[in-house]
Every structure is written in structure tokens, then in C-alpha cells.
1. Which of the numbered conditions does residue 145 fail, given that it passes all the others? Conditions: (1) touching a Lys or Arg at 6+ places or on another chain (Cβ under 6 Å); (2) not in a helix (DSSP H, G or I).
2. If a residue has to be buried (at least 21 other Cβ atoms within 10 Å of the Cβ), outside any helix (DSSP H, G or I) and not hydrophobic (A, V, I, L, M, F, W, C) to count, how many in region 93-126 make the cut?
3. Taking the conditions exactly as written (exposed (fewer than 13 other Cβ atoms within 10 Å of the Cβ), more than 17 Å from residue 248 (Cβ to Cβ) and in the same structural domain as residue 24 (by TED's automatic domain parsing)), does residue 380 satisfy them or not?
4. Report, by residue number, each residue of region 366-381 that is out of contact with any Ser or Thr (no Cβ under 8 Å at 6 or more places or on another chain) and hydrophobic (A, V, I, L, M, F, W, C).
5. Take the residues in region 330-357 that are touching a Leu at 6+ places or on another chain (Cβ under 8 Å) and in a helix (DSSP H, G or I); name whichever of them is nearest to residue 214 (Cα to Cα).
6. Could you list, in sequence order, all residues of region 42-92 that are of a type in the set (A, V, I, L, M), within 20 Å of residue 9 (Cα to Cα) and part of a helix (DSSP H, G or I)?
7. From the list 297, 243, 223, which one is within 30 Å of residue 363 (Cβ to Cβ) and either part of a helix (DSSP H, G or I) or not assigned by TED's automatic domain parsing to the domain that holds residue 329 (or both)?
8. Among 254, 332, 339, 348, which is within 36 Å of the chain's Cα centre (by Cα), buried (at least 17 other Cβ atoms within 10 Å of the Cβ) and either modelled with pLDDT of 90 or more or not assigned by TED's automatic domain parsing to the domain that holds residue 238 (or both)?
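The values are calculated or read from the model by the stated rules, or taken from the named source; none is laboratory data. Remember, it's a predicted structure, so these values are computed and weren't measured experimentally. Virtual Cβ from ideal backbone geometry, glycine too; neighbours counted across all protein chains shown.
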Amino acid sequence: MRLGHLLTVARAALSTGVFACAALVVDYQKPGDPAFCAVDSACMKVRRSEVGLGIAEWIADNISPGLTLPHVALFLFLIVMAVTFFLKTKLHAYSLAAMCGLGAAFAGYLIVAQAKLGSFCPWCMVVDAAMLVAGAAAIALAVFVAGTKGGMFDDLDESLQRATDTPTTIAWGIAGTILTALPFIFSKYPVVPENGALPGPIAALQQPGKTVVVTFTDFECPHCRKLHKDTHAAFEQRGAIIHRFMVPLPFHPGAMPAALGYLCSPEDKREQVADELYTTDPENLSYEGVVKIVAKHTGGEEGPIIDCFNADDTKKKVEADSNLFDEVGAQGLPTTWVGGTRVIGSRGDVVVGLLERNAEPPAIQLPLWLMIALGAVTLAGVVVWTERRPTESRADTRTPDNEDKTDDDKTDADKTDDDKDDKSDDSSEKERA
């Protein structure tokens, strides 16, 4: 394999890592509204694992609280990619090998961690595999370069000269920019799945000529709270008919008291109660705190409310709501139906958009397969172009003009060579004579 091919492999791997990191950055910014991973996917399981939380805590303490592992990884991938644009000497190649080698070691650690969890995040695996390939290619390049003569890449094979010249560098820079931007662009136009046949319980709640919203929620869930914040005003303005089903998660201590409080409120007061349950501090969602909230909005005594909390029928209703969540195939919280369209996660803008279009899905929806296809075409295009374009040797700087130098233009070295040639010619003539 030529040296230039190794550099191309390293760049292709790094570009793939940039693409996958950008997708993870998008999803990590909105964990309740992922664009490329499902809410309950392996990606989210890895993120919430002990290893994932430990890395997140270290980044928050030592770098910045607002950054995540994909943010840091994307930055490092771009830095290493930029280093490949300025490879001129063997020392540069050794530095690239060291950086990629360290990255590959950490990628291997993350793969092992996922194996122990029994959950493999597809996008994470792309990043880690890309780093392993880049590390292998960069180390191989450094080893081969070390065994050659000369310190500059101009002294080495033509493929490496081609891979490090200006046109090739510009092409890879453009490709890297495109691969970084694609996930951010596609996340703005997500595909909203339409249900050709609504689940029976959801279909039974629909009313002709009315916008019906069915949502499964947990009042302590941060993503449910965000969805409420982003959609509450729109629901009121549109006069949407809202059906909330309670799915209190066991690791949210205030979720069950809040669910009971909502169900124990009169139907005409439930939206007022729900608004305060979503917005109050989770620490106040104790049984006593929720009873006071319900009493404040209903104007009733606390005794009957407490009796309702303790009633078997109320608890059975919460259990029935949770069972319905599984029955209709909901995925993660919140899960919302606006008319016949299901929205997973805290996509408030999507829900509001559906309300404005009378539950019609958005006109522009960019599917995931198209993003991957465009990324693959971009990467394949720059690789093929790099490998097939003709080599312009930077060592060959001769031109027709400087081949016919005048005596005034020649350097001292040139003149010395000419004198030697003249003496050689004179000697030859004397011998013939």
C-alpha cells in the first residue's frame, strides 16, 4: 500500500467519526427529543449507564457543565482532521500517530464498556470503530515513513505528495464541513410518523372536527415538563381536547403523588392543576404538597382529597393508564398523539406545528436514510477524487522559461557547471586531434 493511501484511509475514518459525532451532539442536546435515536434506544441506555454518567460528570467538572462527550469528541476529531492537512515532515506523521493512537485506545475502552452493559449504541460504535481505523492507519503511516530516507514528504512517494497538496486538502476540508453540517440540518426537519391505523384506545378518543391530543406523561419527567411548557399556550389557543394518561416512573418520587392529584381533581379543573404540577419544584411533589395544590385549585377540603388518594379505584386508574401505555406501543415519555400523528419525546415545535396544520404532518421531512446516503456519497466522492487525480510533483519546478536561462539569469552554481562542460568539450577536441 502506498503511503498516500494510508493517509486517505485515516482521513476517511476521521470524517466518518465527525459525521457520527455530530449526530450524537444533536441527540445529546435534546435527550427527550432525539432526532436519530429512539428515546428508549441503546444510545440512551449507554448514556444513562454508570460509565456514561461518570464521563459526563468528569466533563462537567473539568471542562464545561454544558458540554457532553459527543461535543468533546467532535472537537477532537476536527482537530485531528485539521492536523492531517498540514503533514509535511516525518515528525508531523509521528504526532498524528500519537494522537490517533490515544484516541483508538479510548475508543477500545468505550467498546468494552458497552459490551459489559450488553447495549451497543450504533452511533457510538461508528465513532469508536472510526477512531480504531484512523489509529491503525496513522500508526502504519508513521512506521512506513520512519523507514524511508529524507525528512520531508516531498522526498517520499508521489501518492503522499498528492494526498498532502493544496487541492486535496481543500477537498477534504469541504467534505468535512458537509459531514459535520448534515446531522444538524436533518434534525430540523424530522420525519413525523403517521399512523395509518390508530391504536383502538386512541382512535376511540377522536372527535370529528376537533383537534384531540392524547399524551402519556409523568409530572416529574423533565422532558414531559418541557413539552408542557412549549405547548400549553398553543393548546389553550386552539381549544384542543386533551387526554392525559398517567405513567409515573418509579425513580421519580413525586410522579405517583402528582398522578393521583391529577386524577382526584374535577375534570374542569384538571388543566389548572396539571399546569402547576408541571411547573412546581419536584421537591414539592410530595403527597402533602400535591394535596395542597389540588385543594387550592378546586377550593375543596383536604380530607376528601386525601380519601381519593387512598382509594383503590384511583390507584387502579393509574395502573390502567400504565398498562395502556404498553398496549398502544408507546415509546418513552412523553408520547403524544395529535390527531392521527404520533410524536415521541419533547418535540414541542412539532406538536404546535401539527396543531397549526390541523394535525397534518409537516411538508418537509428529511429521512435518516437520506442523510446517511448523502454522507456516504460525500465521503466516497472525495476518496475517489483523491486517489484518481493526477500527481503534480512539488519537487519538479522546472519550466520552459527557466530551461533557457541567459548568462545573467544563471546562478554561480549554474555558471560553474557550464565552465566544467566547456572544459570537458575542449579536452575531447584535443584528444580527437
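1. It is condition (2) that residue 145 fails.
2. Result for region 93-126: 0.
3. On the way: exposed (fewer than 13 other Cβ atoms within 10 Å of the Cβ): yes; more than 17 Å from residue 248 (Cβ to Cβ): yes; in the same structural domain as residue 24 (by TED's automatic domain parsing): yes.
Yes, satisfied.
4. 366, 368, 369, 370, 371, 372, 373, 374, 376, 377, 380
5. 351
6. Across region 42-92, the qualifying residues are 73, 74, 76, 78, 79, 80, 81, 82, 83, 91.
7. Numbers: 297 fails: within 30 Å of residue 363 (Cβ to Cβ); 243 fails: either part of a helix (DSSP H, G or I) or not assigned by TED's automatic domain parsing to the domain that holds residue 329 (or both).
After applying the criteria, what remains is 223.
8. Among 254, 332, 339, 348, only 254 is within 36 Å of the chain's Cα centre (by Cα), buried (at least 17 other Cβ atoms within 10 Å of the Cβ) and either modelled with pLDDT of 90 or more or not assigned by TED's automatic domain parsing to the domain that holds residue 238 (or both).
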